[in-house]
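So the structure is just underneath, and the comments pick up after that.
Only the coordinates and a few stated rules stand behind these numbers; no lab work does. This structure is a prediction, so every number in the text was calculated from the model and none was measured.
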Amino acid sequence: MSNSTDGNKPKVLLKLEDVEQMTSLSGSNIYNKMSIKSRYYDPTFPRQVRLGPRSVAWEKSEVEDWIDSRMKMR
């Protein structure tokens, strides 16, 4: 676990609704970007973190980095 003396920021996890809002993508589009079987597969899209049997989240900094990479492609 991270603390303030090691110089690392604590990890912030986002639920699907938050990722949808940040990326302006629907939930199905997000999962399509992560599915290697989808024609919309994007290997650069952040992978979810499994929190439990039916719960996942995404690391906020990874989502922000992905958005930044899209902005640089303009």
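Calculated from the structure at hand, Rg/Rh (Cα atoms, Kirkwood Rh) is found among (i) 0.97; (ii) 1.10; (iii) 1.01 as (iii). Cross-link partners for K9 among the lysines, with Cα-Cα distance under 22 Å and sequence neighbours closer than 8 places in the same chain left out: K60.
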